[in-house]
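Nothing in this text is a laboratory measurement; each read-out follows from the coordinates by a stated rule. Values in this document were obtained by computation on a predicted structure and should not be read as measured data. Cβ atoms come from the backbone with ideal geometry, glycine included; neighbour counts cover every protein chain shown.
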Amino acid sequence: MTQAYPNLFEPLDLGFTTLKNRVLMGSMHTGLEEEKQGFDKLAVFYAQRAKGGVGLIVTGGISPNIRGRLSPVGCQLSKPWHVAKHQKITSAVHEAGGKICMQILHAGRYGYHPLNVAPSAIKAPISPFKPSAMSHRQIVKTIKHYARAAKLAKKAGYDGVEIMGSEGYLINQFICSRTNKRTDQWGGSFENRSRFPKEIVKAVREAVGEDFIIIYRLSMLDLVEGGNTQEEVVELGQAVEKCGATIINTGIGWHEARVPTIVTSVPRAAFRWITAELKKSLSVPVVATNRINTPEVAEDILAKQEADMVSMARPLLADPDFVAKAEADKADRINTCIACNQACLDHVFENKRATCLVNPLAAYETELVMNPVVKKKRVGIIGAGPAGLSAACFAAERGHEVHLFDKATEIGGQFNYAKQVPGKEEFYETIRYFKNRLEDAGVILHLGQEQNKESITQFGFDDVVVATGVSPRALEIEGADLPHVYGYLDVLRDHKPVGKRVAVIGAGGIGFDVSEYLTTTVSPTLDAEQWHAIWGIDKSYEHRGALLEQPLAEPNPRQITLMQRKTSKVGGGLGKTSGWVHRNTLRHKGVKMLAGVTYERIVPEGIEISIDGNKQLIEVDNIVVCAGQLPLRELEAPLREAGVSVHRIGGADVAAELDAKRAIRQGAELAAML
């Protein structure tokens, strides 16, 4: 059989070892590193990805010493007795046929604790703790600590290490003048600022010998003011190669950068161009990264020789068998990462365990287990939204006979509205995945039919799952029934004509989605050149940090006023790693955001509101209500009264805000229990 992705599955010869394909599982902290018995769970987590065919895995960041920890209880590798728990991971991965490297990460001023250090005593905007400036002696000791961690990693059975030199962590802080104000041999000129990473790579190579992978994560685009120039990035890449790096991995943007690099609105492989440019100046293999989530995109990058490998982290959270499915030419069965960040990065920043919205089993492989059923049941699931789809697939895969009902003629529920929002086109992939998975699992579909007690009870189900979702909450003020007042479904589902001036009531996720939908003519996510210009990324790299002085003003066909009753920051309830992107996107378009609003009444001219007792009329053509939802569970009581065993999940259970993460997880948890 002809291989669908020949470049992706071409082995990579590193001289002393060979990688079986060109897929690198990028580093991602899960939180298991710090949990009790977390390394036992990590061993299963990584082994499953190795079994799924990944060429090389990189762990989450492990500190070389106590000051480099990300948090007060952050994981470090610095003592001989730390080795045993890491051996659990390496043994499991090797038994599964994989290779794995440990990432060495020193947080520097990003450390969320009072012991953090940096080249200069400059506080980071994302940590409340001001770092201490490192002494010359501390710098020399830290270099030795990197080498010690690498030597212990080799003893633990790792195939290599990745030295984290990007994303604004300690090494990056030394390299950039924005955070390095030193006047000694470790600061000033670029030669001095880059001495720290070069000495680290040399020390690590000396400690581990020649037959050990050293990946260096190079910050190719800092995307912050005072970042490095392209010439400096090339110079450092060539230098660390000479010092002993086996592979150069791509790093994009500091964590404090005001340019999105990984959220779903970032175009696929948006930064492949800089890896391709750097590759021209390097002789060791180079890895492309960020928003590569399909084998087609990965293959295209490799076929065009823009990189030698591709890095994917979250896509392998979403589907541990991504590589195996691609190799078997079953890409349409891949559970595609939608880059929502809601269950992975948002969890990490909240000190929760990372998992995945579309794959709730990720990092819960030993706890949320789908064992084959002992006694087969007939299960009816009402509602083919995220909760119902999750429950149906998992229950059928366990061995139950599952019937899935929905009054709509297509599956997906609220995802069918979300996919229309500019920047959320990835939701099409989730619906495609579930459609194929339902078919493979043998779920019996009943679409386009509204159900009642009689129609459901006639099947004689052992269990019935109510996953009927939500209905929009109506606005209860004078004038709410006027014809220019719409609900969000009128806009996203029914595509009713909307005027040039619009008031959006409710600034939760739906309010932001509707505002983006109404202010966008062509989605920048589908036009990478436009997206780069809008976010001020200098692809010519004529400015430090690759930032344009003036971003492109995105055309906005409407004047939008987005309002909320809460007095807190508008959009404050959005995800930590993506909310700022949504807020900035609307600000770029001139959307007016009002908090602490009391809605007085709606009149033909618009809506009368008051803020701090001051009344005003917002003159608009249309008002779109996004003021929450109510659970749809009318069928539950009649079914219970008929003696049916009923379970409630998703929006039908809790409808405070649309929450696909909770819905899909509830579906999985219920299916595991049935």
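Starting from the Cα gyration tensor of the chain, multiply each eigenvalue by 5, take the square root, and state the resulting semi-axes largest first in whole Å.
Values: eigenvalues 388, 210, 95 Å².
Output for the chain: semi-axes of 44, 32, 22 Å.
Output needed for region 600-669: three equivalent-ellipsoid semi-axes, defined as square roots of 5 times the C-alpha gyration tensor eigenvalues, in descending order, whole Å.
Values: eigenvalues 316, 47, 21 Å².
They are 40, 15, 10 Å, listed largest first.
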**Footprinting exposure proxy for Lys424, Lys435, Lys615 (fewest neighbouring C-beta atoms within 10 Å first)** = Lys615, Lys435, Lys424
**Request:** Return the calculated 222 nm mean residue ellipticity for the chain, to the nearest 500 deg cm²/dmol, obtained by summing -39500 (n - 2.57) across DSSP H runs with n ≥ 4 and dividing by the residue count.
**Result:** -9000 deg cm²/dmol
**Request:** Towards the positive end of the charge dipole of region 12-349, with charges on Cβ (+1 Lys, Arg; -1 Asp, Glu), say which of Leu170, Ala276, Thr142 has the farthest Cα.
**Result:** Thr142
**Complete:** XL table Lys325/Lys661; Lys151/Lys202; Lys375/Lys407; Cα-Cα > 18 Å flagged, in table order, is Lys325/Lys661; Lys375/Lys407
**Request:** Among DSSP beta bridges whose residues both lie in the chain, state the antiparallel percentage, nearest 5.
**Result:** 20
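Normalised radius of gyration for region 130-217, please: alpha carbon Rg relative to 2.2 N^0.38 Å, two decimal places. Write out the running numbers ahead of the final one.
Numbers: Rg = 13.5 Å, N = 88, 2.2 N^0.38 = 12.1 Å.
Its radius of gyration relative to the 2.2 N^0.38 Å reference: 1.12.
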**Complete:** Toy charge model, Lys and Arg Cβ at +1, Asp and Glu Cβ at -1: region 415-538 dipole around Cα centroid in debye, rounded to 20, equals 220
**Asked** Full extension from Lys500 to Leu482: what is 0.36 nm times the residue separation minus their Cα-Cα distance, to one decimal in nm?
**Response** 4.7 nm
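Rounded to the nearest 0.05, what FRET efficiency is calculated for Lys592 and Lys130 with R0 set to 30 Å and r the Cβ-Cβ distance? Provide the component values of the computation, followed by the final result.
Working: r = 36 Å, r/R0 = 1.20.
About 0.25, to the nearest 0.05.
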**Prompt:** Leaving out same-chain residues fewer than 8 places away, which aspartates and glutamates sit with a Cα under 17 Å from that of Lys376?
**Reply:** Glu397, Glu401, Asp462, Asp463
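For the chain, give the magnitude of the charge dipole about the Cα centre (Cβ charges: +1 Lys/Arg, -1 Asp/Glu; no others), in debye to the nearest 20. Provide the component values of the computation, followed by the final result.
Working: 81 positive and 77 negative charges, 494 e Å.
It comes to approximately 2380 debye.
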**Message:** Working only with C-alpha atoms, what are the Rg and Dmax values of region 227-322, expressed in angstrom?
**Reply:** 13.8, 39
**Item:** Those aspartates and glutamates that a straight Cα-Cα span of less than 17 Å connects to Lys615, excepting residues fewer than 8 apart in one chain
**Value:** Glu478, Glu600, Glu605
**Message:** Looking at region 12-349 only, what percent of DSSP beta bridges run antiparallel? Nearest 5 please.
**Reply:** 5
**Asked** Relative contact order for region 12-349: what is it in percent, counting Cα pairs under 8 Å that are at least 6 residues apart?
**Response** 15
**Asked** Arranged by the count of other C-beta atoms within 10 angstrom, fewest first, what order do Arg493, Arg178 take?
**Response** Arg493, Arg178
**Prompt:** Once you charge only the Cβ atoms, +1 for Lys and Arg and -1 for Asp and Glu, what is the size of the charge dipole of region 195-296 about its Cα centre, to the nearest 20 debye?
**Reply:** 220
**Request:** Show which aspartates and glutamates lie in cross-link reach of Lys424 when reach means a straight Cα distance below 14 angstrom and same-chain residues fewer than eight apart are skipped.
**Result:** Asp513, Glu516, Asp527
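Around Arg22, with a cut-off of 11 angstrom between Cβ atoms, what is the net charge of the other residues, counting Lys and Arg +1 and Asp and Glu -1? Can you show the working numbers first?
Working: positive: Lys20; negative: Glu10, Glu299, Asp308.
My count for the surroundings of Arg22 gives -2.
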**Message:** Over the Cα atoms of region 348-392, each weighted equally, I'd like the Debye log10 I(q)/I(0) at q = 0.21 Å⁻¹, rounded to two decimals.
**Reply:** -0.91
**Item:** Cα-only Debye scattering, region 12-349: base-10 log of I(q)/I(0) at q = 0.14, 0.15 Å⁻¹
**Value:** -1.12, -1.31
**Asked** What do you get for Rg/Rh of region 393-545 when both radii come from the Cα atoms and Rh is the Kirkwood radius?
**Response** 1.09
**Message:** Restricting to lysines 8 or more places apart or on different chains, can you count the pairs in region 1-127 with Cα atoms under 13 Å from each other?
**Reply:** 6
